[in-house]
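Before any comments, here is the structure.
Since every read-out is calculated from the coordinates, none of them should be taken as a lab result. No experiment lies behind these values; they were computed from the predicted model shown. Note that we place each Cβ from the backbone using ideal geometry, even for glycine, and neighbour counts take in every protein chain shown.
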Amino acid sequence: MKEKILNLKEQAIKEIRQSNSEKDLNDIRVKYLGKKGELTLILKGMGTLLPEERPAVGSLVNEVREKIETELKLKTNDFKEQELQNKLKNENIDITLPSKRTKLGSIHPITQIIEDVKEIFLGMGYEIADGPEIELAKYNFDKLNTPEDHPARDIQDTFYITEDILLRSQTSPIQARVMETKQPPIKIICPGAVYRSDSVDATHSPVFHQVEGLVVDKNISMADLKGTLEMFAKKCLGEKTKIRFRPHHFPFTEPSAEADVSCFVCGGKGCRVCKGEGWIELLGCGMVHPKVLINCGIDPNEYTGFAFGFGVERIAMAKFGIDDLRLLYENDIRFLKQF
Ligand code: DAH
């Protein structure tokens, strides 16, 4: 009997070691240890043994059972390990393959100009102010000395929401809002979108962007205005840029002027960008009209100020050599990625 058991053990171990799969192992388990397995049958047949033989045979069977189980486990682990290795081998990733390129966007030319302008004026001690795009006619016109019958108030130029509420046609109303809430010294710029009922063409859009500037303090003169704008023009468009002032009219400034800069492409000789003029019109400006100061609660006998306003698109077009305003709004990536 003992020999039979030891033979079974040898045989089982041999089969286990030669097995080729987990399924084989399972069959072996059933064959020896299953309900009708060979080792189980021996246990069941113990009744035929002499009582004194039983304990020794019993413990031998248990020993063999344990040994077979250990062998099964070892071999199972072998198969699992092999499976893992195969998987790793077959699933390996070729890290030398080029990846899909992620497309990085670029900053829109209008945003670029606004950021540049802010940087320049922050460097000169200005603060950035903001105001609503849906504005009261009171701020867009009345307080800025633009009376009811002024042509700029014409229904054809301005988007009115009601008689008193409109989409601001300029950033100048922020001047009035700032002066109303703050006594001088005031030194601000305010960039933002403005709206006019123009049809779209190469130089017009019903929405565009302006930057407004306002300085109010004691003894502010036209010389401060000229110096500031000259500095701005050089920093924004290049150190060689020259600036010139032409008399003009705005209701909210007196005296008023328009400023041109020498063409930074040709340096003033005349080219495609400046349309042969040598100069590019840059902005409107002037000394804040005393009536505007009074309208906003500032004493014109004590304080004076200057103001200016310019179109951001115009600067972007000149600086980047863009000849059609519409390109700035079409969001064509082929165009935008150049900047
Ligand atoms: N608001 C004017 C416009 O839209 C531009 C302007 C001119 C602003 C003179 C000013 C200024 O502050 O002083 O055409």
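Here the Gaussian network model covers the chain, with springs between Cα atoms less than 10 Å apart; of N90, N219, N301, N90 fluctuates the most. With the charge dipole of region 109-336 set up from +1 on Lys and Arg Cβ and -1 on Asp and Glu Cβ about the Cα centre, the Cα lying farthest toward the positive end among the listed residues F121, V200, T162 is that of F121. Projecting the Cα atoms of L72, S99, G47 onto the charge dipole of region 6-108, computed from C-beta unit charges around the Cα centre, puts S99 farthest toward the positive end. Between the Cα long axis of helix 2-18 and the first principal axis of the chain there is an angle of about 30°, rounded to the nearest 10.
For the chain, the list of Cys residues with no other Cys C-beta under 4.7 Å reads C190, C236, C285, C296.
Normalised by the number of residues in the chain, the mean separation of alpha-carbon contacts (under 8 Å, six or more apart) gives a relative contact order of 15 percent. A simple charge model with +1 on the Cβ of Lys and Arg, -1 on the Cβ of Asp and Glu and nothing else charged puts the dipole of region 16-170 at about 2040 debye relative to its Cα centre.
Between 0 and 90 degrees, the angle of helix 109-123 with respect to the longest Cα principal axis of the chain falls at about 70 degrees. Taking the Kirkwood radius as the inverse of the mean 1/r across Cα pairs, report the Rg/Rh of the chain. Checking Rg against Rh, the ratio lands at 1.64.
Which net charge results when you count Lys and Arg as +1 and Asp and Glu as -1 among the other residues whose beta-carbon is under 14 Å from that of I186? Combined, the nearby Lys, Arg, Asp and Glu give -3.
Exposed loop sites are taken as trypsin sites (Lys or Arg not before Pro) in a DSSP loop (any state but H, G, I, E or B) with at most 10 other beta carbon atoms within 10 Å; the longest stretch of the chain without one runs 104-217. Basic side chains Lys and Arg get +1 at the Cβ, acidic Asp and Glu get -1 at the Cβ, and with that the dipole of region 2-90 about its Cα centre reaches some 220 debye. Taking all Cα pairs closer than 8 Å and separated by 6 or more residues, the relative contact order of region 1-106 comes to 31 percent.
Rounded to the nearest 20, the Cβ-based charge dipole of the chain about its Cα centre (Lys and Arg +1, Asp and Glu -1) stands at 1940 debye. Which Cα, out of I188, N62, G268, lies furthest along the positive dipole direction of the chain (beta carbon charges, K/R +1, D/E -1)? Going by the Cα projections, it comes out as N62. For G267, the shell of other residues with beta-carbons less than 11 Å away shows a net charge of +3, using +1 for Lys and Arg and -1 for Asp and Glu. Close amide H pairs (under 5 Å, H built 1.01 Å from N) link I165 with A137, residues at least 5 positions away or on another chain. Centre-to-centre, using Cα atoms only, region 205-233 and region 158-172 are separated by 23 Å. Take the Cα coordinates of region 125-241, assign each an equal point scatterer, and use the Debye formula without solvent to give log10 I(q)/I(0) at q = 0.12, 0.18, 0.20 Å⁻¹. So the normalised log intensities work out to -0.52, -1.03, -1.15. The long axis of helix 222-237 is offset from the longest Cα principal axis of the chain by roughly 40 degrees. Within region 138-184, the chymotrypsin sites (Phe, Trp or Tyr not before Pro) that combine a DSSP coil assignment with at most 16 other C-beta atoms in a 10 angstrom radius are F159.
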